[in-house]
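Participant: What follows is a single structure, and I will ask about it in a moment.
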Ligand SMILES: O=c1ccn([C@H]2C[C@H](O)[C@@H](CO)O2)c(=O)[nH]1
C-alpha cells in the first residue's frame, strides 16, 4: 500500500461517529436486536464502515468490525488509523474482545480508538497483545 498520508491529527472524530451511526442503520440484527455500526479512517484518507450481520446459527454472526475490515481490503487495503463504534442508540460502544484482535491486525498499537475514557491507542485497549510479530519471532524453529 502507499505511504501513510493521514496523521492522527487529521481525524475528524465527529464525521467518523456520524459514519458509524449511518451504517448502524443498515445492520442485520433480527436475533439480538442490537444493531452496531463501525467506522474507521485509513492511512490514505478513506473512510471504511461496517455493520453487524447476524445469522440464524448465532455463532456465525459477523460483528460490525468484521464488515469494516472486509471493506478495508475490498476498497484497496492499507492500515486503520482511527476507529469508532456505536450501538443502536448511536452511542459509543467498545469493540468486543475478538474484534480488538481484528483491529490490532489492521491498525496495530497506534490505531486510535474512540473509548468511554477518550481517544486511546490500541495498545491501551488491548494491552500486551498477541499479533503478527509473534509469528516471526516466537516459534521454536524461528530462533
Ligand atoms: O464489538 C461488537 C460487539 C457486538 N457486536 C454485535 C454482535 C451481535 O450481532 C450484537 C450483539 O452482541 O452486537 C458487534 O458487531 N461488535
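Read-outs throughout are calculated quantities, based only on the coordinates presented, and are distinct from any laboratory measurement. As the structure is a prediction and not an experimental result, all values here were calculated from the model. Here the Cβ positions follow ideal geometry from the backbone for every residue, glycine too, while neighbour counts run over all protein chains shown.
Participant: Take the alpha carbon gyration tensor of the range 40-92, find the square roots of its eigenvalues, order them as a ≥ b ≥ c, and report rounded if a/c is under 1.5; if not, report prolate when a/b exceeds b/c, else oblate. Walk me through the numbers on the way to the answer.
Facilitator: Details: a/c = 3.37, a/b = 1.50, b/c = 2.25.
Here the range 40-92 falls in the oblate category.
Participant: Show me, bin by bin at 10 Å from 0, the whole-percent P(r) of the chain based on Cα pairs.
Facilitator: 12, 42, 33, 11, 2
Participant: What whole-number distance in Å separates the alpha-carbon centres of the range 108-130 and the range 66-100?
Facilitator: The distance from the Cα centre of the range 108-130 to that of the range 66-100 comes to 13 Å.
Participant: To continue, here is another question. Ranking 100, 117 by Cβ neighbours within 10 Å, fewest first, what do you get? Don't jump to the answer; show the numbers that get you there.
Facilitator: Details: 100 16, 117 9.
Going from least to most buried by this count: 117, 100.
Participant: What full-extension length gain, to one decimal in nm, is calculated for residue 134 and residue 28 as 0.36 nm per residue of separation minus the Cα-Cα distance? If you can, show how the numbers build up before the last one.
Facilitator: Values: separation 106, 0.36 × 106 = 38.16 nm, distance 3.52 nm.
Full-extension gain reported as 34.6 nm.
Participant: Quick one: length gained pulling residue 109 to residue 58 fully straight, 0.36 nm per residue minus the C-alpha distance?
Facilitator: Working: separation 51, 0.36 × 51 = 18.36 nm, distance 3.06 nm.
Value of the extension gain: 15.3 nm.
Participant: What's the exposure ranking of 130, 83, going from fewest to most Cβ atoms within 10 Å?
Facilitator: Sorted ascending by nearby Cβ count, the order is 130, 83.
Participant: Please determine, in degrees from 0 to 90 and to the nearest 10, the orientation of helix 13-24 with respect to the longest principal axis defined by the Cα atoms of the chain, where the helix direction is its Cα long axis.
Facilitator: Tilt of helix 13-24: around 60 degrees.
Participant: Can you put 104, 13 in order of Cβ neighbours within 10 angstrom, beginning with the fewest?
Facilitator: Details: 104 20, 13 13.
Going from least to most buried by this count: 13, 104.
Participant: Okay, next question. Using a 7 Å offset from the Cα along the Cα-to-Cβ direction at both residue 13 and residue 117, what is the distance between the two label points in nm, to one decimal?
Facilitator: About 1.5 nm separates the two model spin labels.
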